[in-house]
Amino acid sequence: MVQGAELPARGESCEASVQGLKDLIESKDGLVSGIKYEDLGGRSPFSNASAILYVGLEHKPRERMGGSATPKQDRVNQNLAHSPSLLLPYATQIINSCEKVVTVGIIYHEWGPSFSLHRDRVVRTDKCAELEMGLEPPWGYKNCL
């Protein structure tokens, strides 16, 4: 693990911040399939926080694949996954209010944007890693499909 800096104090309610993102998705007629927290296993540059919060967007329309989304919800979710600038403020709010969360990943059919807190206390959209970066790219990068 990288010797990490302490994170800024977290003020707002974590649950309310996550609900804010869910409300945004639902207000656009999208459908959240699930929320999952996972430890990053020492990849975080911070000493006191190392969790990623995944927000799943349902990607299986009922008519095609037996999922729970309507075709419209599937299209909306796909569009949301292609809209990192729309999602960034919500990810920032989640990271700033959820004590252990340093990354938020939006997942639509195994891909989507992710957002990470950096040492300068700014949340940024993660970039796709180059092949030469290996299986565990540096902080702020992710392996893209």
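Principal axis extents of the Cα atoms in the chain, from largest to smallest and rounded to whole angstrom, are 50, 39, 23. If the elastic network links every pair of Cα atoms under 10 Å, which of Cys98, Cys128, Cys14 fluctuates the most in the Gaussian network model of the chain? Among Cys98, Cys128, Cys14, the largest GNM mean-square fluctuation belongs to Cys128.
Amide H to amide H distances under 5 Å link Ala129 with Lys142, Asn143, Cys144, where only residues 5 or more positions off or on other chains count and H is placed in the peptide plane. The HN-Hα couplings worked out from phi for the stretch 14-30 by the Karplus form 6.51 cos²θ - 1.76 cosθ + 1.60 (θ = phi - 60°) are 4, 4, 5, 5, 5, 4, x, 5, 4, 4, 4, 4, 5, 5, 8, 6, x Hz, whole numbers, x standing for Gly and Pro.
Could you work out what % of the accessible surface of the stretch 39-103 is carbon and sulfur, using a 1.4 angstrom probe and leaving DNA, RNA and ligands out of the count? Walk me through the numbers before you get to the answer.
Working: 1450 of 3010 Å².
Reported share for carbon and sulfur atoms: 48 percent.
Counting only residues at least eight positions apart within a chain, or on another chain, the lysines with an alpha carbon under 16 Å from that of Lys127 are Lys142.
Out of the stretch 60-127, which GluC sites (Glu not before Pro) are coil in DSSP terms and have no more than 15 other C-beta atoms within 10 Å? Mind dumping the intermediate values first?
Details: sites: Glu63, Glu99, Glu110; in loops: Glu99, Glu110.
Listed in order of number, the matching sites are Glu99, Glu110.
Measuring nothing but how far apart in sequence close Cα pairs (under 8 Å, 6+ apart) lie, relative to its length, the chain scores a relative contact order of 23 percent.
In order along the stretch 37-51, phi translates into HN-Hα couplings of 9, 9, 6, 7, x, x, 7, 5, x, 10, 7, 10, 7, 7, 10 Hz, rounded to whole numbers, per the Karplus curve 6.51 cos²θ - 1.76 cosθ + 1.60 with θ = phi - 60° and x for Gly and Pro. Each helix, a run of at least 4 DSSP H residues, gives -39500 (n - 2.57); summed and divided by the residues of the chain, these come to -9000 deg cm²/dmol at 222 nm. How about Lys60: which lysines have a C-alpha closer than 20 Å to its C-alpha, ignoring those fewer than 8 places off in the same chain? Excluding near neighbours in sequence, the set is Lys22, Lys28, Lys36, Lys72.
A simple spin-label model places pseudo-atoms 7 Å from Cα toward Cβ; at Asp39 and Glu110 they are separated by 2.7 nm. Within the stretch 65-145, all pairs of alpha-carbon atoms sorted by distance into 5 Å bins from zero give the percentages 3, 15, 21, 21, 17, 12, 7, 3, 0. Take the chain with all the other protein chains still there, run a 1.4 Å probe, and you get 56 Å² of accessible area per residue.
The values are calculated or read from the model by the stated rules, or taken from the named source; none is laboratory data. Please read all numbers here as calculations on a predicted model, not as lab measurements. So basically every Cβ, Gly included, is an ideal-geometry build from the backbone, and we count neighbours across all protein chains shown. Side chains included, ligands, DNA and RNA excluded: accessible areas come from the protein's heavy atoms. Shrake-Rupley method; radii C 1.70, N 1.55, O 1.52, S 1.80 Å.
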